[in-house]
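The values are calculated or read from the model by the stated rules, or taken from the named source; none is laboratory data. The shown structure was predicted, so the numbers you read here are calculated from the model rather than taken from an experiment. Please note: Cβ atoms are built from the backbone with ideal geometry, for glycine as well, and neighbour counts cover all protein chains shown. For the accessible areas, the whole protein counts, side chains as well, though only heavy atoms, and no ligand, DNA or RNA atoms are used. Shrake-Rupley method; radii C 1.70, N 1.55, O 1.52, S 1.80 Å.
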There are 2 protein chains.
Amino acid sequence: MPERTGLDAFFAPRSVAVVGATTNELKGGYSIIANMLESFTGPVYPVNPGRDEVLGVKCYPSVRDLAGKVDAAIVFVPAASVPAVLEDCAAAGVKAAVLESGGFAEVGEEGKRIDAACREIAARTGLRLWGPNCTGLVNTDPFIFTPFMRAPNANERLKPGTLGIIAQSGMLAAGFMLQYVISGFFTVSKACAIGNKIDVNEVEVLQYMAADPKTKAVVAYLESIVDGPAFLEVARDMAGRKPLAVLKGGRYEESAKAALSHTASLAGSDEVVEGALRQAGAIRVDDFNELMNLGKAFSLHPEPFELSSPSGDGVAVITVTGGGGVVLTDLLRSAGMRVPALTQKTLESLQGVFPDWMAPSNPVDIWPAIEQKGLAAFGDSMKAVLADDRVDGVVLLPFASRMLDFFPFDEIGEAVRSSGKPVVSWVFGDIRYFEALEERLREYGIPVYNDLHSCVLVLKSYLSFSRQAREKA
Amino acid sequence: MPERTGLDAFFAPRSVAVVGATTNELKGGYSIIANMLESFTGPVYPVNPGRDEVLGVKCYPSVRDLAGKVDAAIVFVPAASVPAVLEDCAAAGVKAAVLESGGFAEVGEEGKRIDAACREIAARTGLRLWGPNCTGLVNTDPFIFTPFMRAPNANERLKPGTLGIIAQSGMLAAGFMLQYVISGFFTVSKACAIGNKIDVNEVEVLQYMAADPKTKAVVAYLESIVDGPAFLEVARDMAGRKPLAVLKGGRYEESAKAALSHTASLAGSDEVVEGALRQAGAIRVDDFNELMNLGKAFSLHPEPFELSSPSGDGVAVITVTGGGGVVLTDLLRSAGMRVPALTQKTLESLQGVFPDWMAPSNPVDIWPAIEQKGLAAFGDSMKAVLADDRVDGVVLLPFASRMLDFFPFDEIGEAVRSSGKPVVSWVFGDIRYFEALEERLREYGIPVYNDLHSCVLVLKSYLSFSRQAREKA
C-alpha cells in the first residue's frame with residue numbers, strides 16, 4: 001500500500017493542473033481556470049485534449065504531459081472520464097485531485113461503478129481524492145480557490161480569517177461563500193465542500209482544521225458522518241479549545257432519503273448523533289442561518305471568555321425597550337440560561353444613572369435613564385453590569401436611529417474588552433443605521449443580530465464553550 | 001354611568017388637540033404636533049399654557065378653550081398633570097384621549113394614585129383613555145399618526161395596507177414601525193401601542209380590528225391579557241376568517257417581573273395562555289422577528305388558501321440545493337408537516353425535465369434539471385408540483401445570482417396564482433440579487449425569507465389558518 005499523503009497537497013499545493021479547462025464561459029471548466037489563473041500564486045496548467053491554449057496559457061492534452069510538475073489537479077470532466085484522468089494524475093506524480101463533477105454514486109449503478117474505480121485507483125496509487133460532486137475548497141492563506149463558480153479577484157475579496165467551514169453540499173457552500181463572505185459577514189481561513197467524500201471525508205478535514213494554527217473555530221454542515229467515533233474524538237479534542245458548531249441534516253426518513261440521493265449519504269440515527277455531538281461538546285444547530293450566525297460570532301471571538309459566576313450562565317440584559325427585555329428574558333430562560341438578580345453594589349451604581357422613581361433590576365431597562373441623563377447612561381450601565389460577579393455575559397438591545405451619533409461606542413467597547421466577558425447585541429429600529437451600529441460594535445468584538453433568537457444562541461454558545469475551557473484548564 | 005363611546009373617536013377623529021405641544025425639537029411634544037399638523041387632514045389644535053403659537057398655529061392655554069371643537073386629544077405632559085388635563089377634556093366634550101406619558105403605575109405608588117384618578121375620571125365622564133406610557137396609534141385610512149417620534153411626511157410614507165399591529169410596548173411599536181414599514185417589509189392598516197391600558201385594552205382593540213373591514217390580519221405583542229375569556233372569544237371568532245399571531249411575553253418569574261415594571265402587567269400563567277391561544281386558533285410565536293415575518297406573510301395574503309389533501313399539511317420542496325432540501329425537510333417534519341411522496345403523474349411530468357439518470361422525488365432537487373434544460377426547468381417543475389393533489393403548499397429554494405435575469409418569474413407566478421396554493425421562498429446566494437428576487441416573487445404573493453425556520457413558520461401558519469377556514473365552511 002502506498003503512503004497516503006495528508007491534506008497539505010490540497011490546501012497548499014505549489015502547482016495545479018485544471019483538467020477540463022475551457023474557454024466556454026458557460027461551463028464550470030472556464031470558471032475554474034479563470035479563477036485559478038487570476039488568484040493562484042504558483043503555476044497553473046490547463047489540461048484539455050481539444051485545445052492548444054486557454055485564456056492565453058498553453059493547454060496540455062493530458063496530465064501525463066506534466067509529469068513531476070504538478071502537486072494537485074482540479075478535475076471537472078464527465079464522471080465516466082474521471083477514472084482515466086486519475087490514472088494520468090497518478091502516473092504524473094500528482095498527489096491530490098479535487099473532483100468537482102457530479103454523476104457518481106448519487107445517480108445510481110453506473111455512477112457507483114465509476115465511484116469504485118476511483119477508489120481503487122486511490123488505494124493502489126496513493127493519489128488522494130476530494131469530492132466528487134462538490135465545489136472543492138478555498139484556502140485564504142496560502143490562497144487557493146477551486147469552485148466552478150466564477151469569482152473575479154477572489155484573492156483580493158476573500159481576506160484571511162480564522163473560521164473554518166465544512167459543507168457537504170456544493171451549491172450551499174458556494175452560495176454561502178458568496179452571501180456571507182462577499183457581504184463581509186465573516187472572514188474565513190478555509191472553506192471546504194466535501195461532496196460524496198469517496199476518500200477525503202469530514203473527519204480528516206476536521207482533524208486538519210483542529211490542528212491548523214490558522215483555523216480557530218469551525219462550522220460544519222454534514223449529511224452523514226462516516227466514522228462516528230473518530231469524529232467525536234476530534235470534537236472532544238476541540239471542546240474548550242476551538243469552537244465547533246454542527247448542522248446535521250437527514251433526521252427523518254424523508255430527509256435521510258433526500259440526503260442519500262444528494263450526496264449518497266447514509267444519515268444514521270439522529271438521536272445517536274444528537275446525543276453524541278452534545279456529549280463531545282459540539283454545538284448542534286438546525287438551520288443554516290444559525291450555523292452562519294455562530295460562524296460570525298466565533299470568527300469575531302474564537303477564544304474562551306472569562307466566566308465570573310460559579311455556574312457560568314448568568315446573563316444581564318441592557319435594553320432601551322422594556323418589551324424587548326421581557327421577551328429576551330423568556331428566550332434566555334427557555335435556553336437554560338439564568339437572568340440573575342444583580343448585586344447590591346451594581347444596583348447602587350445603576351441607581352446613580354436611573355431616575356429616582358425607578359428601581360433598577362435585570363433586565364436593565366435604561367430608556368428612562370437615557371431620557372434623564374442622555375446616552376451616557378448606556379455606557380455607565382454597561383460598566384456597572386460588566387463589573388457584577390453574577391454576570392457572565394450581556395445582551396444589549398439598543399435602538400438604531402440618529403441617536404447613534406451620540407452613542408458611547410468607545411466607552412462601551414473598552415468596558416467590554418477589559419471585562420473579558422462576552423457581549424452580543426440586537427439591532428432594531430431605523431434600518432438606515434443598522435450597518436453603522438454593527439460596524440462600530442464589531443470593532444469591539446460584539447456581534448450584532450436582528451433577531452433575539454440569534455443573540456440567545458450565540459451567547460449560549462459563547463458561554464458553554466467558555467465553561468468547557470474552564471473545565472479543561 | 002355615561003355611555004362609553006367606541007374606538008372610532010381614536011381611529012377616525014374629525015379634529016384633534018395636542019396637549020403639551022412645544023417648539024423644542026428635542027421633546028416628544030414637538031414631534032407629535034409637527035407630525036399631526038403635517039399629516040392629519042382635519043383641524044389640529046396645539047394646547048400649552050406657556051405659548052401663543054406653535055409652528056405657526058395658534059396655541060390654546062387649555063382644552064377647555066376648545067369646547068365642542070375637538071373629538072380626540074393627544075396628551076404628552078408629566079403624569080402628575082394628566083388628571084387635570086383629562087377633566088378639561090371631559091368638560092370640553094372630547095371623546096377620546098391618547099395618553100403617551102410614562103410615570104404611571106409602572107413607577108410605583110404615586111403613579112398608581114394618578115392612574116386611579118384617571119380611571120375615575122373616565123368612569124365618571126365617559127371620556128375614553130388610550131395608554132398611558134405608549135406611543136399611541138397609527139391609522140392609515142383615514143390617516144392619523146400619534147407617536148412622539150418625528151416621522152416627516154408620515155402620511156405619504158405609510159401606504160394603507162391590511163395588517164393590524166398591536167404592541168404593548170412603545171419603543172418596540174415605534175421601532176418596528178420604522179424598521180418594517182419604512183423598509184417596505186409590509187404595509188399596515190392600523191398599528192397600536194397600547195401601553196398600560198388603563199381603559200382601552202388589547203381585547204377591545206382586537207375586537208375593533210376583527211370587525212374592521214380594512215384590517216384583514218392581526219399580529220400582537222402582549223405582556224398581559226386583561227380578560228382572557230373575552231380575548232379568546234375574539235380569537236375564536238377570527239379563526240379561519242382573519243389570521244391572528246400572538247407573541248406573549250413574561251413566561252418566567254424573571255420576565256413576568258420585568259413585564260410588571262415595564263407596563264404594570266401581570267403576565268398570568270404561561271401554560272394556560274399557551275393552551276388557550278392554541279385552542280382558540282391563534283398562532284403563538286416567541287420572537288419579534290417571527291411576529292413580523294408572519295405580518296409580512298399575512299399582509300401579502302390574508303385570505304385562506306385552497307387545500308387539496310385531506311389533512312391539508314402536505315408540502316413540496318423545490319430546491320437548487322440538495323442540502324437545503326434535506327435541512328428544510330427536517331424542519332418541516334419537526335414542525336408537524338408532511339413532505340409526501342408525489343403522485344405517479346407528477347413524477348412522470350418531472351421526469352420530462354429531469355436528466356434520465358435522476359429519478360425525481362420530494363424534495364425536488366432541480367439543479368441537474370436546470371443544468372440540462374436551463375431555468376425553464378424551474379417553471380415546469382413548479383407547475384407539475386402545484387398540480388399534485390397531495391401538495392397543499394410549496395417551499396422554493398432558488399439561488400440569487402445573475403441567473404435571476406433568466407428566471408421564469410411570470411410563469412411561476414401565474415402557476416402559483418391559478419393553483420390557489422401557498423408558496424413561500426428562501427433566498428440565499430449573492431446578496432446583490434436578494435431585493436430583485438423578493439420584489440418579483442412578492443408580485444405573485446410569494447413572501448421571501450433568508451432563513452428556513454421562517455419559511456417553515458409561515459407555511460405552517462398559512463396552512464393551519466386555511467384548515468380553520470375549511471373546518472368553519
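Odds and ends about this structure:
- In the stretch B:20-52, the residues that are among the β-branched types (Val, Ile, Thr) and either closer than 20 Å to residue B:139 by Cβ or modelled with pLDDT under 95 (or both): B:23, B:32, B:33, B:41, B:44
- Check on residue A:15, open to solvent by less than 70 Å² (accessible area, probe 1.4 Å) and farther than 19 Å from residue A:137 by Cβ: no
- Enumerated helices (runs of 4 or more DSSP H) restricted to the stretch A:296-399, each holding at least 3 residues that are free of Cβ contacts under 8 Å to residues at least 12 places away in the same chain: A:322-334, A:344-351
- Some residue of the stretch B:218-226 being part of a strand (DSSP E or B) and among the polar types (S, T, N, Q): no
- Selection count where residues are touching a Phe, Trp or Tyr at 6+ places or on another chain (Cβ under 7 Å) and not in a helix (DSSP H, G or I), scope the stretch B:408-423: 4
- Filtered residues of the stretch B:323-336 (kept if closer than 17 Å to residue B:396 by Cβ and open to solvent by 10 Å² or more (accessible area, probe 1.4 Å)): B:331
- The stretch A:59-88: number of residues that are out of contact with any strand residue (DSSP E or B) (no Cβ under 6 Å at 6 or more places or on another chain) and among the aromatic types (Phe, Trp, Tyr): 1
- Just one of the listed residues (A:423, A:427, A:416, A:394) is within 20 Å of residue A:301 (Cβ to Cβ), modelled with pLDDT under 95 and either under 28 Å from the mean Cα position of the chain (by Cα) or of a type in the set (Val, Ile, Thr) (or both), namely A:427.
- Conditions (1) away from chain A (no Cβ under 13 Å); (2) surrounded by fewer than 20 Cβ atoms within 10 Å (Cβ to Cβ): number failed by residue B:356: (1)
- Annotation note: of A:21, A:34, A:17, A:80, the sole residue that is within 29 Å of residue A:160 (Cα to Cα) and without any contact (Cβ under 8 Å) to a residue 60 or more places away in the chain is A:21.
- Criterion (assigned to a helix (DSSP H, G or I), within 14 Å of chain B (Cβ to nearest Cβ) and basic (Lys, Arg)) met by exactly one of A:440, A:432: A:432
- For the stretch A:297-344, the set of residues classified as away from chain B (no Cβ under 14 Å), touching a Pro at 6+ places or on another chain (Cβ under 9 Å) and among the aliphatic types (A, V, I, L, M) consists of A:297, A:300, listed by residue number.
- Single residue of the stretch B:281-315 satisfying the filter (crowded, with 20+ Cβ neighbours inside 10 Å, polar (S, T, N, Q) and touching a helix residue (DSSP H, G or I) at 6+ places or on another chain (Cβ under 9 Å)) that is farthest from residue B:190 (Cα to Cα): B:289
- Whichever residue in the stretch A:257-287 is modelled with pLDDT of 80 or more and under 26 Å from residue A:199 (Cβ atoms) and, among such residues, is nearest to the chain's Cα centre (by Cα): A:282
- Of all residues in the stretch A:374-403, those satisfying the criterion of being open to solvent by 10 Å² or more (accessible area, probe 1.4 Å) and within 14 Å of chain B (Cβ to nearest Cβ) are A:374, A:375, A:390, A:399, A:401, A:402, A:403.
- Any hit, the stretch B:160-171, residues being part of a loop (DSSP other than H, G, I, E, B), open to solvent by less than 10 Å² (accessible area, probe 1.4 Å) and more than 13 Å from chain A (Cβ to nearest Cβ): no
- Filter pass, residue B:184 being surrounded by fewer than 22 Cβ atoms within 10 Å (Cβ to Cβ) and either more than 8 Å from chain A (Cβ to nearest Cβ) or at pLDDT 85 or above (or both): yes
- Among all residues of the stretch A:450-471, there is none that is free of Cβ contacts under 8 Å to residues at least 12 places away in the same chain, surrounded by fewer than 19 Cβ atoms within 10 Å (Cβ to Cβ) and more than 10 Å from chain B (Cβ to nearest Cβ).
- Residue list for the stretch B:116-138, filter: within 21 Å of residue B:29 (Cβ to Cβ) and not aliphatic (A, V, I, L, M): B:118, B:130, B:131, B:132, B:133, B:134, B:135, B:136
- All conditions but one from (1) open to solvent by less than 10 Å² (accessible area, probe 1.4 Å); (2) not acidic (Asp, Glu); (3) not in a loop (DSSP other than H, G, I, E, B) apply to residue B:446; the one that does not is (3).
- Count of residues meeting criterion [open to solvent by less than 10 Å² (accessible area, probe 1.4 Å) and either at pLDDT below 95 or of a type in the set (A, V, I, L, M) (or both)] in the stretch B:211-223: 7
- Among residues of the stretch B:277-292, those that are within 14 Å of another protein chain (Cβ to nearest Cβ) and of a type in the set (Val, Ile, Thr), counted: 1
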